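Enquirer: One structure, as structure tokens, below. Some questions next.
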Amino acid sequence: MILRAFFFLWVVLGASLFGVSAAGLSIGTFDIDATPPVGSRMAYDPVTNVWELGLRARGVVIAGAGAPVVLCAVDWIGIANEGHDAFRNQLAAAAGTTPDRVSVHCLHQHDAPECDFGAETILRNEGVSALNYEGTFAREMLGRLATAVARATRETRTFTHIGVGEAKVRKVASNRRIFGPNGKVRAVRYTASPDPKLRAEPEGVIDPAVSLVSFWDGNRPVAVLSYYAVHPQSYYRTGVANPDFPGVARFLRQIAVPEALHVHFNGAGGNLGAGKYNDGSHENRRILGERLANGMRRAWESTRKQAVSAAEVRWATEPVTLPVSKHLDEGKLMAQLKGRDASFLTANGAGRLAWLRRSKAGRVIDVGCLSLGRARILHLPGELFVEYQLNAKAERKDLFVAMAAYGDYGPFYIGTEVAYTEGGYETEPRSSNVAPEVEPVLMTAIRKLLKD
């Protein structure tokens with residue numbers, strides 16, 4: 001009897017030490033600096049200085065329900081094509097899982113780097129400077145991130161409950177597309193709108209809710225994931241890498257609930273911005289950050305917890321082939337590259353070419369869904385229009401549905417089918433790499449994942 005009791009105690013202590021939950025579920029957290037050094041390039045400008053709040057790459061590793069699942073959010077403008085492959089592959093290896101169980105998203109701040117190793121290769125092969133696609137820092141950061149994910153996989157904590165909460169965010173998001181009486185876009189209200197007439201226009205179609213999903217070990221919160229759809233710019237082109245107002249909001253919530261890691265994801269904010277409430281004044285970064293943090297606080301206070309078992313935690317993916325924009329022509333793009341066309345070199349031409357080649361090679365994109373009890377978190381690519389998020393929530397009103405967009409950045413903007421007939425910046429050939437038929441492809445995948 002003494003030996004049996006000793007063995008039982010050893011198993012319990014061993015499970016605690018090595019991060020194995022007696023109930024079968026555990027979670028690890030990771031958080032590293034993702035701020036590029038002075039002198040390197042961001043998406044638009046070289047880095048000239050750093051801010052008090054730098055860029056972060058943070059997330060969670062969920063274990064105990066099949067192979068580990070990795071969810072990662074990065075304060076960069078986008079990670080695309082072969083760059084996105086590299087992040088998923090390396091983080092999968094670090095966590096001891098498969099790439100289809102790794103979801104990497106960006107928050108899309110503009111004073112931040114972008115990563116596309118495919119675009120970098122195209123430019124280097126032609127003897128052209130890789131400019132903002134130069135990948136030295138991205139590879140260095142990815143190495144540190146993989147080390148952090150490996151550590152998080154080893155050092156997990158039990159989670160017994162999940163929590164869900166939601167609240168409206170007031171005076172942050174507004175629709176960027178202003179329609180005329182003919183049903184066509186007559187103006188774009190960008191993320192900073194100095195024109196008072198555009199700011200006076202109605203808020204338009206948005207998803208006002210910030211959604212929170214939290215992981216708990218009994219009564220102790222371990223991690224909080226938040227989701228809100230908006231272009232996250234107050235002002236940019238400063239030369240100073242910074243996480244903009246979502247970073248301010250995340251920081252405020254992190255110091256309010258310090259025991260849990262706060263990970264923020266951008267939702268389907270492709271056609272949304274803060275333009276109605278932001279004239280570009282620099283003080284608006286604080287104001288918008290505080291408004292978003294206020295919504296997060298109220299969502300936290302409304303959180304409802306439920307016990308969760310390993311059988312209620314599932315990860316599923318639906319591979320999709322997105323239709324390529326008819327405006328993309330490899331011959332024309334290569335001619336622009338060889339002719340050193342400024343519009344190719346400065347307007348993401350290499351990224352469009354990398355995307356086109358991948359599409360021709362039959363590469364697919366995984367749409368993912370994490371099920372946690374009655375919660376469903378969808379993981380999608382590109383700069384999705386908010387209608388995808390609203391339609392997903394409408395599909396399963398009986399569930400708590402949240403969405404992370406800005407996964408693989410290769411498609412760029414992804415509008416609804418009708419949006420491509422309405423005009424506006426987001427669906428122009430320079431902005432969207434997909435065809436109007438993308439909507440039924442993505443919505444079919446979303447419906448299947450939510451149904452399953």
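The values are calculated or read from the model by the stated rules, or taken from the named source; none is laboratory data. Worth saying up front: this structure is predicted, and the values here are computed from it rather than measured. FYI the Cβ positions are ideal-geometry reconstructions off the backbone, even for glycines, and counts take in every protein chain you see.
Enquirer: Being among the polar types (S, T, N, Q), closer than 19 Å to Tyr190 by Cβ and at pLDDT 95 or above is the requirement here; does Ser371 meet it?
Expert: Numbers: among the polar types (S, T, N, Q): yes; closer than 19 Å to Tyr190 by Cβ: no; at pLDDT 95 or above: yes.
Spelling it out, it is not the case that Ser371 is among the polar types (S, T, N, Q), closer than 19 Å to Tyr190 by Cβ and at pLDDT 95 or above.
Enquirer: In the stretch 34-58, what residues are touching a His at 6+ places or on another chain (Cβ under 7 Å) and among the hydroxyl-bearing types (Ser, Thr, Tyr)?
Expert: Tyr44
Enquirer: Which condition breaks for Ala148 when tested against (1) in contact with a helix residue (DSSP H, G or I) (Cβ under 7 Å, 6 or more places away or on another chain); (2) surrounded by fewer than 23 Cβ atoms within 10 Å (Cβ to Cβ); (3) of a type in the set (A, V, I, L, M); (4) at pLDDT 95 or above?
Expert: (1)
Enquirer: I want to confirm something. Restricting to the stretch 25-46 and keeping residues that are closer than 13 Å to Glu114 by Cα and not in a strand (DSSP E or B), which single residue is nearest to the chain's Cα centre (by Cα)?
Expert: Going through the qualifying residues, I end up with Ala34.
Enquirer: Please go through the stretch 209-252 and pick out each residue that is surrounded by fewer than 24 Cβ atoms within 10 Å (Cβ to Cβ) and among the charged types (D, E, K, R).
Expert: Asp217, Arg220, Arg237
Enquirer: Then there is this: Only residues that are within 22 Å of Ala43 (Cβ to Cβ) and in contact with a Pro (Cβ under 9 Å, 6 or more places away or on another chain): list them for the stretch 385-423, please.
Expert: The answer is Ala405, Tyr406, Gly407, Asp408, Tyr409, Gly410, Pro411, Ile414, Gly415.
Enquirer: Can you tell me which residue in the stretch 176-222 is nearest to Tyr420 (Cα to Cα), limited to those that are of a type in the set (Val, Ile, Thr) and either free of Cβ contacts under 8 Å to residues at least 60 places away in the same chain or not in a loop (DSSP other than H, G, I, E, B) (or both)?
Expert: Restricting to residues being of a type in the set (Val, Ile, Thr) and either free of Cβ contacts under 8 Å to residues at least 60 places away in the same chain or not in a loop (DSSP other than H, G, I, E, B) (or both), the top hit is Val185.
Enquirer: Evaluate the stretch 135-152: report whether one residue or more is touching a Cys at 6+ places or on another chain (Cβ under 7 Å) and part of a loop (DSSP other than H, G, I, E, B).
Expert: Residues of the stretch 135-152 that are touching a Cys at 6+ places or on another chain (Cβ under 7 Å), as a first pass: 135, 138.
Add one more test, that the residue is part of a loop (DSSP other than H, G, I, E, B), and what stays is 135.
Yes, the conditions are met somewhere in the stretch 135-152.
Enquirer: What residue, among those in the stretch 403-442 that are assigned to a helix (DSSP H, G or I) and farther than 22 Å from Leu356 by Cα, is nearest to the chain's Cα centre (by Cα)?
Expert: Of everything passing the filter in the stretch 403-442, Val418 is nearest to the chain's Cα centre (by Cα).
Enquirer: Next up: How many residues are within 14 Å of Gly382 (Cβ to Cβ) and assigned to a helix (DSSP H, G or I) when one looks only at the stretch 84-110?
Expert: 1
Enquirer: Still on this structure, please answer the following. Mind telling me which of the residues Phe87, Phe179, Phe117 ends up being of a type in the set (Phe, Trp, Tyr), at pLDDT 95 or above and under 26 Å from Trp51 (Cα atoms)? Steps first, answer last, please.
Expert: Working: Phe179 fails: under 26 Å from Trp51 (Cα atoms); Phe117 fails: under 26 Å from Trp51 (Cα atoms).
It is Phe87.
Enquirer: Pick from the stretch 24-60 the residues that are touching a helix residue (DSSP H, G or I) at 6+ places or on another chain (Cβ under 7 Å) and small (Gly, Ala, Ser): which of them is surrounded by the fewest Cβ atoms within 10 Å (Cβ to Cβ)?
Expert: My answer is Gly24.
Enquirer: Could you give every pair whose Cβ atoms fall below 6 Å, whose first residue belongs to the stretch 395-415 and is touching a residue at least 24 places away in the same chain (Cβ under 8 Å) and farther than 24 Å from Val324 by Cβ, and whose second residue is surrounded by 24 or more Cβ atoms within 10 Å (Cβ to Cβ) and aromatic (Phe, Trp, Tyr), counting only separations of at least 6 or pairs across chains?
Expert: From the stretch 395-415, the pairs are Ala402/Tyr227.
Enquirer: Give me the pairs, please: first residue somewhere in the stretch 334-357 and under 15 Å from Val434 (Cα atoms) and in contact (Cβ under 8 Å) with a residue 12 or more places away in the chain, second residue anywhere and in a helix (DSSP H, G or I) and of a type in the set (Phe, Trp, Tyr), beta-carbon distance under 8 Å, and either six or more positions apart or on two chains.
Expert: Within 8 Å, the pairs are Gly351/Tyr133.
Enquirer: Oh, and also: Picking from Ala94, Ala112, Ala146, which residue would you name as being among the small types (Gly, Ala, Ser) and in contact with a Ser or Thr (Cβ under 8 Å, 6 or more places away or on another chain)?
Expert: Selected residue: Ala94, the only one of Ala94, Ala112, Ala146 that is among the small types (Gly, Ala, Ser) and in contact with a Ser or Thr (Cβ under 8 Å, 6 or more places away or on another chain).
Enquirer: Identify, by number, the condition in (1) over 27 Å from Pro113 (Cα atoms); (2) surrounded by fewer than 17 Cβ atoms within 10 Å (Cβ to Cβ) that Glu428 doesn't meet.
Expert: (1)
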